[in-house]
């Protein structure tokens, strides 16, 4: 009688055991938790997952992919620990080839991905924009002949003028607050030979520098209450004619101070305080902005005395009638 020998070939069992061990190790490795980031709809979801596929991780995160949506594993083709999954929602994209434009709704990250997904052959052609360009909504991808010439040039973008009303400026007057500045845009053209002529087709325009608007204020004030000064137009409350003379430090009180106790400077006016109270601000054509801060024995009624730092200037001024604008 022949006896069976189940362990006659022990190496077979060794192989089986090794295979089982490898399977267990693989499943254990694949099931290790992974930290992944999912960028979708303007937000980032950080997820710890044991999913074996990107689709599984998206489902676990509650991200629903519509039929035309897509995704990209950023920086890697493998779904591994530390991966970033970028969901690309479907968007309208046009593809121009051979004079015909086809519209698609698709979610892909780059021009290459779109063309591959919709099955457009681009080998041997020029593709504009480039294959690695990130896709944007309403983009037109052009498949061009190798004979077509692409040129790029810059051109100015004219600035706009922004008008602002100013009640402190006489009606009808204009004053430039800040000058405008033209912007710059980069334009890409396709040049095609048609007979003896070269036809240019604008493919793309990109703003390099935004134009800066010119700001102009327009006077909407009452001209009767405005006076033009070295600082521009200034509103005044009333105006009156005075006889004005001039004096210097040598003709003052001798103390070096005005009657209000300040050191005189250009802009100090001696007044009759019963007519013009101390501290009154005024503008005097030919002299400038001034303040009532001094008095004198000969200054009565509608007479004023203007402080001058130079004796020659005082002599040149002499005595004259002026319109005093009270601010």
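Taking 4 °C and 1.567 mPa s as conditions, region 91-146 diffuses translationally at an estimated 118 µm²/s according to Stokes-Einstein applied to its Kirkwood radius (Cα pairs). Calculated mean residue ellipticity, 222 nm, the chain: -4000 deg cm²/dmol, from DSSP H runs (n ≥ 4) at -39500 (n - 2.57) each, averaged per residue and rounded to 500. Taking every alpha-carbon pair under 8 Å whose residues sit at least 6 apart, the chain reaches a relative contact order of 11 percent.
Express the C-alpha Rg of region 152-217 as a ratio against the empirical globular expectation 2.2 N^0.38 Å, rounded to two decimals. Mind dumping the intermediate values first?
Numbers: Rg = 19.3 Å, N = 66, 2.2 N^0.38 = 10.8 Å.
Computed over Cα atoms of region 152-217, the ratio equals 1.78.
The radius of gyration of the Cα set in region 214-327, together with its Dmax, comes out at 15.2, 54 angstrom.
For the pair residue 262 and residue 275, the difference between a 0.36 nm per residue extended length and the Cα-Cα distance amounts to 2.6 nm. Based on every Cα atom in region 266-327, Rg and the maximum pairwise Cα distance Dmax equal 10.8, 30 Å.
Placing a pseudo-label 7 Å from each Cα along the Cα-to-Cβ vector at residue 84 and residue 210 gives an inter-label distance of 2.5 nm.
Extension gain for residue 302 to residue 132 (0.36 nm times residue separation, less C-alpha to C-alpha distance): 52.9 nm.
The eigenvalues of the Cα gyration tensor, multiplied by 5 and square-rooted, give region 146-301 an equivalent ellipsoid with semi-axes of 65, 17, 11 Å from largest to smallest.
Please compute the length gained on full extension between residue 105 and residue 187, using 0.36 nm multiplied by the number of residues separating them and subtracting their Cα-Cα distance.
On the way: separation 82, 0.36 × 82 = 29.52 nm, distance 2.65 nm.
Additional length available on full extension: 26.9 nm.
Rounded to 0.05, the FRET efficiency of the residue 46 and residue 202 pair, given R0 = 51 Å and the Cβ-Cβ distance, is 0.70.
Sorted on the mean count of surrounding Cβ atoms within 10 Å across their residues, most packed first, peptides 131-140, 145-154, 268-277, 317-326 read 268-277, 317-326, 131-140, 145-154. Each part reduced to its alpha carbon centroid, region 265-283 and region 154-171 end up 39 Å apart. The distance between label points at residue 96 and residue 229 comes to 6.1 nm (points 7 Å beyond Cα on the Cα→Cβ vector). Remark: the chain projects, on average over all directions, an area of 41.7 nm² (convex hull of Cα atoms).
Over all pairs of different C-alpha atoms in region 116-170, the reciprocal of the mean inverse distance, the Kirkwood hydrodynamic radius, equals 16.0 Å. What does the C-alpha gyration tensor say about the overall shape of region 34-87? Classify as rounded when a/c is under 1.5, otherwise prolate if a/b is larger than b/c, or oblate. Because its axes are fairly even, with a/c under 1.5, region 34-87 counts as rounded.
Over every Cα atom in region 196-242, the radius of gyration and the widest Cα-Cα span, Dmax, amount to 25.4, 82 Å.
Go ahead and run the numbers for FRET between residue 55 and residue 174, Cβ-Cβ distance against an R0 of 41 Å, rounding to 0.05.
On the way: r = 64 Å, r/R0 = 1.57.
The formula returns an efficiency of 0.05 here.
Between rounded, prolate and oblate, where does region 51-170 land on the alpha carbon gyration tensor, with a ≥ b ≥ c its root eigenvalues, rounded for a/c under 1.5, else prolate if a/b exceeds b/c? Mind dumping the intermediate values first?
Numbers: a/c = 2.68, a/b = 1.39, b/c = 1.93.
Oblate, because a/c is 1.5 or more while a/b does not exceed b/c.
Each Cα pair under 8 Å and six or more residues apart adds its separation to the average, and for region 159-287 the resulting relative contact order is 27 percent.
Helix 10-30: angle to the longest alpha-carbon principal axis of the chain, degrees 0 to 90, nearest 10? Helix 10-30 sits roughly 20 degrees off the main axis of the chain.
We did not get these values from a lab; they are worked out from the coordinates using the rules stated. Note that the coordinates shown come from a computational prediction; the quantities given were computed from them, not determined experimentally. Neighbour counts run over all protein chains shown; Cβ positions are idealised from the backbone, glycine included.
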